[in-house]
């Protein structure tokens with residue numbers, strides 16, 4: 001019975017202790033002790049039986065009782081061992097599950113690099129233990145135009161590229177640096193104990209150098225560039241949140257500088273983006289409060305002063321600042337995506353105006369709407385136009401979509417696809433700032449363009465520079481040879497009209513014939 005007592009006591013300790021996985025080693029010892037005690041007791045029982053047989057042959061009943069007790073002990077031992085193994089199996093499964101969850105929480109699934117959460121903990125620790133005069137730097141790397149690669153070649157190809165990129169960055173940094181994946185095409189590098197900022201720039205140059213070699217994936221060779229933002233702490237950031245935010249801003253500034261470069265964070269950059277955030281918040285309110293307006297500027301034939309159509313311009317009737325022009329808010333709206341909502345409002349106003357003309361039997365004028373790159377490449381553009389046309393009963397031949405030549409040249413294939421869909425709706429495509437890029441003639445060959453607008457900068461200097469007068473004449477001639485209409489923008493003086501007549505220009509737009517206005521002057525049917 002003593003043996004059974006010890007067995008039960010050992011199992012009780014084992015069962016209660018297993019609830020705390022930190023005591024696992026102690027539990028294993030308890031288990032072994034329990035088994036040893038059991039074995040010892042069994043052995044003692046056998047010895048006792050043998051002795052009893054020799055001395056007292058008539059004690060068969062007692063032997064049978066002892067044998068039964070031994071069998072019970074063996075049975076309980078087997079049960080204990082089985083239950084102990086079951087507990088260990090459950091513990092192992094739980095531990096593996098916890099390890100897997102920890103890995104998912106702190107590591108990027110594709111690259112196996114630390115993720116943002118893991119890096120934040122490293123930076124938190126650095127700030128908590130920072131010594132006097134100690135500096136550390138956070139580098140934010142963003143791949144330029146990765147989305148185009150990913151969308152064009154597929155996500156599998158994009159994943160392979162990200163893996164290759166992570167390997168190259170690892171080659172360029174020190175062992176003590178912490179490399180983390182921040183987002184789909186973004187990486188962070190945290191470096192501590194920086195003695196010389198100038199020497200650290202050698203690391204930046206080293207990273208850029210490993211990207212100067214082509215990437216070869218699926219037998220395709222191409223180059224990837226990156227924009228890099230850097231922040232020195234604790235000089236330019238006093239905590240983890242500020243450090244990561246400022247690195248983000250410095251990276252955006254590098255992109256705005258033309259990409260494929262790096263930029264250190266400064267107070268000026270912080271103030272600049274703080275202003276942008278303020279404008280962003282105000283734009284949100286302006287959309288909700290319907291503070292935007294559409295103003296229309298006429299496009300005129302200089303031979304008979306006949307109005308051929310209008311270009312729609314968005315204005316912001318700010319409750320405190322008055323009338324704001326596009327250059328004061330459209331850049332921010334484009335960056336944030338708010339331009340899409342503003343664009344919907346502009347189209348709504350334009351289609352209402354076209355409906356009024358249609359109801360008044362005025363069918364001659366067109367309205368041209370200028371779209372940014374983000375608007376033109378928006379996946380919902382065609383759907384939006386189809387909806388507007390159906391809602392207001394307007395045919396596509398009363399609308400023109402105007403985009404800058406630079407937008408087209410950045411993605412000829414996609415631009416051609418969108419232009420074809422617009423053409424199917426009967427909507428005409430106009431190229432603005434024509435002649436500003438070197439790929440002028442090539443654009444005319446690949447897109448169904450109905451009209452070009454010659455950049456106003458040529459006309460501004462044409463009165464003084466012979467080469468610009470020749471350029472305007474050449475561009476008009478190119479349009480004529482392709483049977484494309486031509487409009488010269490920025491006409492403000494009578495002398496400019498006299499010159500344009502000498503080069504066979506008929507259609508113009510500018511302050512000489514009217515500024516963009518909220519209310520359109522009465523036009524004849």
What is the range 197-276 by shape, rounded, prolate or oblate, if you read a ≥ b ≥ c off the alpha carbon gyration tensor as root eigenvalues and call it rounded for a/c under 1.5, prolate for a/b larger than b/c, and oblate otherwise? prolate
Most exposed first by the Cβ proxy, i.e. fewest other Cβ within 10 Å, how do 498, 144 rank? 498, 144
Give me 152, 307 sorted ascending by neighbouring Cβ count inside 10 Å, so fewest comes first. 152, 307
What does the highest-first list of 118-124, 514-520 look like by mean Cβ count within 10 Å? 118-124, 514-520
Could the peptides 189-200, 446-457, 468-479 be put in order, highest first, of the mean number of other beta-carbon atoms found within 10 Å of their residues? 446-457, 468-479, 189-200
On a C-alpha basis, how far is the centre of the range 408-429 from the centre of the range 260-308 in Å? Whole number, if you could? 24 Å
Solution diffusion estimate, µm²/s, Stokes-Einstein, the range 116-265, Kirkwood Rh from C-alpha pairs, 37 °C, viscosity 0.692 mPa s: 208 µm²/s
Fewest to most Cβ atoms within 10 Å: 159, 235, 349, 133 sort as 133, 235, 159, 349
Protection proxy ranking of 319-327, 365-373 - average other beta-carbon atoms within 10 Å, highest first: 365-373, 319-327
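Only the coordinates and a few stated rules stand behind these numbers; no lab work does. Keep in mind the model is a prediction, meaning the values are calculated, not measured. Quick reminder, even Gly has a Cβ in these numbers, built from the backbone with ideal geometry, and neighbours come from all protein chains shown.
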